[in-house]
Structure formats: C-alpha cells, structure tokens
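Report on one structure; see the data block that follows.
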Amino acid sequence: MKRRQFLGLAAALPVVTTFGGWTLFNHAVSAPRFDNTLFLPGSDGPFAVLAPDAPFTLVAEQGWLPVPGRSETPFLWYRTQVNGADYQNPILLLRTGDELDVTLDNQLDEGTIIHWHGLHVPGREDGHPIHTVDPGDQYEYRFKVTNRGGTYWYHTHAHHRTARQAHQGLASFLLVGDDDNDALNEALDLELGSTDLPLVLQDKRFDRLGHLVYQPNPMQGMMGYLGDEVLVNMTPSARHEVERRIHRLRLLNGSTARIYRLALRADGDAVPFRVIGTDGGLLGSPREVKEAFLSPGERLEVLVDFAAFAGGDRVELHSLEFDPMAGGGMMGRGGMGRGMGGGMGRMMGGAMHDGDPLALLEFVVREGEAVTARVPERLSRIEPIDITDARERDIRLDMAPMQWRINGEVYDPDRVPIEVDANTKEVWVIRNADHSMPHPMHIHGFSFQVLLRSGGPDFVREQAVNDDGLTVADLGWKDTVLLWPGETVRIAIDFTHDYDGDQLYVFHCHNLEHEDNDMMVNVRVRA
C-alpha cells in the first residue's frame, strides 16, 4: 500500500464526548460505530514490513499525515530507503541469529535514541538514555539477534522525552522468526499481513485542527497522560474483514499510560480466544481465556477462530471496564483512587480515565466456506529458570510527593542502585505500595519468568490460571510485568551473557510519564 493510500484511511476524529466510537455521558454508552478500514502494512510506506539483509539507516524526523477535513498533522517517525522503496516506521522482520546493522540518524531538533524493547543486547546497543543522540548526530547499532522468535518492538528512549516522542510516533514492531514460529504458521497456514496481524493499540489526543497534542500538566505527569481517542494501527474506530478461519493477532500496547482489559464480543456474548505468546515469544501450549490485561510495553499473541462464525457476523475487540486504583489501601473509584486516577484526570483536562470501557476494533466475517485447522497442543519448549542458588532482591515501588520511586530512588545517571554479577540468577520480589497505582515494570537487556503474583484486586485474582496467581499475560518469557496497588510479584532473571566487560541497563516503569519523571534506576551487570 502506498503512502497516499494509507493517509486516505484516516477519518475525521470525534469530539471529546466520544471515545473509540462510543458516545459517553456518565459512563452510559451507545452502540459502537466502526467507520474506518483497519490499516495493514504493505510493501512500502508507513509500517511496511522490511526484512533487512544489509546495513541501513533509520532517520528520525518529522513527517506529516493529514486528518480528513482538517489540516495536516505532524508526526515523528523513523524513515529509511531500501532497494528503492521508502519506509516510515518499518516493521522489522528478522530471524534468530541474524545480524542487525542499523544507524540512527537524528534529524529532529532534539535528542533521541532507539531502545530495542525485549532484545538481549549489550548495554551499548540497548538504547540507554545516557546514549541520547544530539540533533544532527548519528549512532550505529550492530548486534546479533539472540532472542527466540516473538513479537518485539523498538521505540525512542530519549532522556526525559520518551513519552512525548513515543506519543508523536517514534515506535514500531520488530518481529523475530524461528523454527517454532515457522512450524505454527505452517500448521495453521498463517501469512503475515493477512491472517497474521500485528496490531498496535495507542491512545492519542488531537486538537481541533487534527494536530497531535502532548501537553501533560503536573497531575497527568504523575498519573499518566491519557488520550481521548484509541487507534489500532493508527486507525480510529477501525473495522477489518476476516476470512472464516484462524487468525493470529500480535497485540502491542503502544500507549504511554493506558491499560487495556482485552476481550472479544459477538452480539454481546464473550468469545473465547487462545493466548499463544507473551513478551518473549510462544508459550509452551495455548491457553484459552475470555479476557486478558495488557499494560504499556507488553505484547500478547492470540489465536481467534472465525470459522465458528457465519458470513456477515461481527466480532468486536473491547477493553472492559476496570478500576485501576483497586487493591491495596486505595478506596477505588468511589474514593481516593477515583480522585487520583479518574476525577482528578478529568478535572485536569482528561476526557477519559484509565479503565473506562472502550470499543477498539470490529472484525467482519466474510462470506465463504469455513477453513478449519487443528491448533498444535505444543508450541515451544520453555525451560524454567533454576533458582536453587539465586539471590533474592527486594524491590519496593512507592511515592514521595508527586514522585514515584523504586527502592526510594529516582533516576540519577551517575548512580547505580542495582548491581548484579554476570552469569548469575536472581529472584526479584517487587512490591507495589498499598497507596499506589498500577506500574508496568520493564527491565532492559534481559527477559524474566514470573513466579508468583499475590495481593492484587479481585478482578486480577479471578484471571489466575494457576495456583501461583499468574494471569495468562504472566506466562512464558517476559520483559514487562504489571503490578497493581498492594500487589507483590516474584520474578526470576537469568543474567547470563557473553558480552565483554560491565553492561549498564535500566529498570523502570513503562508508564512513560513515570519513566520521564524518573521512576527508573540503573542496573549494572558486572563482568
């Protein structure tokens, strides 16, 4: 699809009294309207798939996308030209074992840097904020992709500018293939871009001219900046026609702060779906569920079988209502939690607050013969991390006035509060304070396994898929884990690597306003 065709998919944005096609007034909703064809990447243009086989350059720059009926909207993107084709925010397609050789050329009027979210790379290649590149300068990345197959992504990590630059567009997918993924795609006859769909969920704000707006006030900087329009693949109120067969959905929460409680509905009834992968690739086996949370930075891969529906049927992807301040010592929406997360958000200019019901995407089933396929019972093999000799480390999340902290620390580039030895294993016991809010915690450079979840709100405990309290989003290999107020999560991390010398990474909240407000600490892995 050409750039002009893509731009033509945008639609006039609703006023702030609508959200994702829902009409809102005191939590009342009308039937959702899905007006716009979902954008899917083509061979060039925005979000096109690029399988690089030689060095290339990503230029960080400002571009323009028009909103019909309004003036053009400035966006930030990564642009490259490969073999005569022009790409903006390309979806990078790689395989385990590939070498990635890419140069960031910063043509913005401010500093920026790229973080390869979820990839195991040396500290110099990771996009640490201390490596922020000045305007007009370049930064070369060269590393081997050692991760197992899965849905990863890359995005800006500029010091104190991450949230705004990500909100303005500096992010895209990085998909890694391997033998397990090949076997699954072959068994189900899946094809990237048609039955294997990368879907990024992002909430944005636009002004009356159709320009993106990112202007958090101090309260929004502390709680998170929420958009008044949810887009799927940059498409508001999106609809997509599907064949009567299994589809693979690669869901990425690319919002700066919003959490989604994902569920499928057909004529108001719940539609089960199979979760097959999380942040770090495929699970050992599929897990059937009716809903799952997805916090900023997390990925979830699911299979939806549209063969069970007739032509003309409609299946809707929703985010169900929840109270983000539930759990711990907060009083929820009726009290302090509502005041911090919702009422205060509206008072400070937010059209919606986290946890309101949203209609995200409508799938329209095409006429035709159903194609059935058997989902493999085994998808991959995941070896549990051996924690017999692992060191246990306590991590506390709390707040000072207008400041979220990790173990009482806020980010100081010259301090390294967490030091670990290379080629060792640790168990981190992460405790979120009672008087708190949800924090999606992300570690750079390494993946982990979630061992235990306890103390969360009822609606989270009800989603547990085992006796350790894990939800389906906690399974497999992870790089981001969501903690609710008053909740404790235990994770196991294997710091094994073969890089020379000490490696410096960061551990931070992936509510990007929290990150920019210094809810982040350095982590040194000592050689």
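The values are calculated or read from the model by the stated rules, or taken from the named source; none is laboratory data. Owing to the predicted nature of the structure, the values given are computational and were not obtained by experimental measurement. Note: ideal-geometry Cβ built from the backbone for every residue, glycine included; neighbour counts use all protein chains shown. Side chains are part of the model used for accessible areas, which takes the heavy atoms of the whole protein and leaves out ligands, DNA and RNA. Shrake-Rupley method; radii C 1.70, N 1.55, O 1.52, S 1.80 Å.
Some observations on this one:
- Inside region 363-393, residues that are open to solvent by 60 Å² or more (accessible area, probe 1.4 Å) and not β-branched (Val, Ile, Thr) make up a count of 13.
- The residue that is nearest to residue 88 (Cα to Cα), among those in region 157-188 that are part of a helix (DSSP H, G or I) and open to solvent by 30 Å² or more (accessible area, probe 1.4 Å), is 164.
- Within region 414-467, being closer than 21 Å to residue 396 by Cβ and either among the β-branched types (Val, Ile, Thr) or without any contact (Cβ under 8 Å) to a residue 24 or more places away in the chain (or both) holds for 416, 418, 420, 427, 429, 430, 443, 450, 460.
- Candidate set from region 374-400 (those that are among the small types (Gly, Ala, Ser) and at pLDDT 95 or above); member that is nearest to the chain's Cα centre (by Cα): 380
- Just one residue in the set 297, 329, 312 is surrounded by fewer than 24 Cβ atoms within 10 Å (Cβ to Cβ) and at pLDDT 95 or above; that residue is 312.
- Members of region 198-225 that are part of a loop (DSSP other than H, G, I, E, B), closer than 15 Å to residue 256 by Cβ and open to solvent by less than 20 Å² (accessible area, probe 1.4 Å): 224, 225
- Residue check, residue 114 in contact with a strand residue (DSSP E or B) (Cβ under 6 Å, 6 or more places away or on another chain), closer than 15 Å to residue 166 by Cα and not aromatic (Phe, Trp, Tyr): yes
- Flag for residue 191 being open to solvent by less than 50 Å² (accessible area, probe 1.4 Å) and free of Cβ contacts under 8 Å to residues at least 24 places away in the same chain: no
- Any hit, region 77-91, residues being in a strand (DSSP E or B), buried (at least 18 other Cβ atoms within 10 Å of the Cβ) and of a type in the set (D, E, K, R): yes
- In region 226-273, the residues that are open to solvent by 10 Å² or more (accessible area, probe 1.4 Å), within 19 Å of the chain's Cα centre (by Cα) and of a type in the set (D, E, K, R): 228, 250, 261
- Residues in region 80-134 that are closer than 19 Å to residue 62 by Cα, out of contact with any Pro (no Cβ under 7 Å at 6 or more places or on another chain) and of a type in the set (Asp, Glu): 86, 105, 134.
- In summary, residue 396 fulfils each of the numbered conditions (1) touching a helix residue (DSSP H, G or I) at 6+ places or on another chain (Cβ under 8 Å); (2) part of a strand (DSSP E or B); (3) surrounded by fewer than 19 Cβ atoms within 10 Å (Cβ to Cβ) with the single exception of condition (1).
- Test: residue 443 is of a type outside the set (Lys, Arg), open to solvent by 10 Å² or more (accessible area, probe 1.4 Å) and either out of contact with any strand residue (DSSP E or B) (no Cβ under 8 Å at 6 or more places or on another chain) or over 30 Å from residue 310 (Cβ atoms) (or both): no
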